[in-house]
Amino acid sequence: MAGSYDAAGPFLEHNQPYKHRMFAVFLPALNFRGNHSPYLWWFYKFVSEFGAHAGFISGDEYYRDPSELLAEGRFEACEATANLYRYNLPDQTGLGKLSLQVIPREVWQAFEARHGANPLAALRHYCQENDPGLRSAMASALDTFGSSHGQPEAVITCVNCATLKNLCHDRGLPLIHFELGPLRPPFFLQTAYFDFSGVNGTTESESRFTSTENGTIRELLASHSVETLRRLFMVQLPKDNGQPVVDLGLGLQIEDDSNIVCYANNHSSISLINHARRLLSQQSIRSPVLVRTHPGSHFLLRGLPAGMEVDRSPSSLDFLMRCKQIITINSGIAVEALLLGRGAIVHGDSPFGYCITPETGRVNASAYAFFLLNYLVPWELAFTPDYIRWRLEKPSEEEILRRHLESHMQEKIRLLELRVAELEKQLSGIQSSWAWRMTYPLRAIHKVLSRFAGLRSD
């Protein structure tokens, strides 16, 4: 539940010695979305989870009072977002007790200026190219961190940065990338990406699976069919659980996300739409093609070509249930489609591309099981310092599988207990109602007649 940190919470005063080595959390202050804190909710999540286990290196806007940012319209500082991603909103007292370092805004502004009026070019540069000026600022920040806390156990971030990756490599520092996983509530157990190589693109997902080729874990994974995985990960069924009604659906994505800016393999939303138009013209598929925008998109679809319709399903899952197959660049909606037995084709650099047979869009069951059970991490587990330190010890894939399964089952039990408690509350309300008391004689008569009918049938 969202809230504020108590002054006696998990923070340590600046003048207190840290008993343990710490993580260094790095978040860019690159202004490509109209502010200098584009990953603000990630900052709150890391603060909430790590507390005094981490020091933070970022821009000054991240460290402003959340109540001020909320007043300026930042959704990340509202209770609803905090509840959605399960973090506590810090207050200024709590933030003041953290180890906070600032990379000066001038560094970021100089970086942005090199790309003129194209902020997304700056993002692409940040993700994919080394930058000497940025490296110098990052190195200085890590030096200051080391002077106060010693060398960090690991550097943690939520977006690829070629400069940071090379700097960490040169210094022998593990670099861990976090991101929202493709399975999310309310329909699925929530998951996170946790990757030592990259996020969205240039990930270690496929190489980890390939390395298990001759291992015993392949036998363990073989016992997890898609149906078994569906029963494990699905929490709630969609409203429409019937047969698909269209041949093809297109899952579009956020236009300024690194998935599209950096890892789309030259594809775009319009290229997906034109590809579907070609399939329609070749009569390879039947109309209509459903086109679903991302809820975070800045644009509304209008004037689609003949044979195409805007999908207005209440959820992405309802959209998937309507489609035999979906095409996307690298959206996690493809992972959900496979879990529902639908076909999926991805065109971008994707951490789950190897789970799909390109020619047919069908699932490679063993690879898919590895992706869901080993590569993805249970949301509640991923951010705990204990889990991160355990992964730094390089456990075997068998050990990772066992720990993830245990966490998933614990979460399923927790959700079931919540559901039972809700049903008990509803039942209590019904039993205390006027209608329930008034109909007691009828229920009693029905019970007697049922017993009598049972005796006669014997």
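The values are calculated or read from the model by the stated rules, or taken from the named source; none is laboratory data. No experiment lies behind these values; they were computed from the predicted model shown. FYI the Cβ positions are ideal-geometry reconstructions off the backbone, even for glycines, and counts take in every protein chain you see.
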- Message: Which condition from (1) over 25 Å from the mean Cα position of the chain (by Cα); (2) closer than 15 Å to LEU340 by Cα; (3) not in a loop (DSSP other than H, G, I, E, B) is the one that ARG230 breaks?
- Response: (1)
- Message: Within the range 192-202, does at least one residue satisfy the condition of being in contact with a Pro (Cβ under 8 Å, 6 or more places away or on another chain), polar (S, T, N, Q) and under 30 Å from LEU84 (Cβ atoms)?
- Response: yes
- Go through the range 374-396 and give me each residue that's more than 16 Å from PRO351 (Cβ to Cβ) and part of a helix (DSSP H, G or I). TRP379, GLU380, LEU381, PRO385, ASP386, TYR387, ILE388, ARG389, TRP390, ARG391, LEU392
- For the range 247-269, state whether one or more residues are assigned to a helix (DSSP H, G or I), among the small types (Gly, Ala, Ser) and at pLDDT 95 or above. yes
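Yes/no per residue for (1) surrounded by fewer than 21 Cβ atoms within 10 Å (Cβ to Cβ); (2) within 21 Å of VAL107 (Cβ to Cβ):
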{"residue": "PHE43", "(1), (2)": "no, yes"}
{"residue": "PHE50", "(1), (2)": "no, no"}
{"residue": "ASP60", "(1), (2)": "yes, yes"}
{"residue": "SER67", "(1), (2)": "yes, no"}
{"residue": "ALA82", "(1), (2)": "no, no"}
{"residue": "ARG86", "(1), (2)": "yes, no"}
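Residues checked against (1) among the aliphatic types (A, V, I, L, M); (2) without any contact (Cβ under 8 Å) to a residue 40 or more places away in the chain:
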{"position": "HIS298", "(1), (2)": "no, no"}
{"position": "ILE333", "(1), (2)": "yes, no"}
{"position": "GLY341", "(1), (2)": "no, no"}
{"position": "ALA344", "(1), (2)": "yes, yes"}
- Determine if the range 157-177 includes at least one residue that is out of contact with any Cys (no Cβ under 7 Å at 6 or more places or on another chain), farther than 30 Å from HIS408 by Cα, among the β-branched types (Val, Ile, Thr) and surrounded by 14 or more Cβ atoms within 10 Å (Cβ to Cβ). yes
- Hey, does the range 353-364 have a residue that's buried (at least 23 other Cβ atoms within 10 Å of the Cβ) and not in a strand (DSSP E or B)? yes
- Please enumerate the residues belonging to the range 159-173 that are among the small types (Gly, Ala, Ser) and more than 15 Å from ALA24 (Cα to Cα). ALA162
- Message: Condition first: at pLDDT below 95 and of a type in the set (D, E, K, R). Can you find one or more residues in the range 336-347 that meet it?
- Response: no
- Determine whether the range 279-299 contains at least one residue that is of a type in the set (Gly, Ala, Ser), part of a loop (DSSP other than H, G, I, E, B), more than 24 Å from ASN200 (Cα to Cα) and touching a Ser or Thr at 6+ places or on another chain (Cβ under 8 Å). no
- What are the residues in the range 225-256 that are surrounded by fewer than 17 Cβ atoms within 10 Å (Cβ to Cβ) and closer than 20 Å to ARG286 by Cα, if any? GLY242, GLN243, VAL245
- May I ask you to list the residues in the range 331-352 that are touching a Phe, Trp or Tyr at 6+ places or on another chain (Cβ under 6 Å), part of a loop (DSSP other than H, G, I, E, B) and under 14 Å from GLY251 (Cα atoms)? GLY348
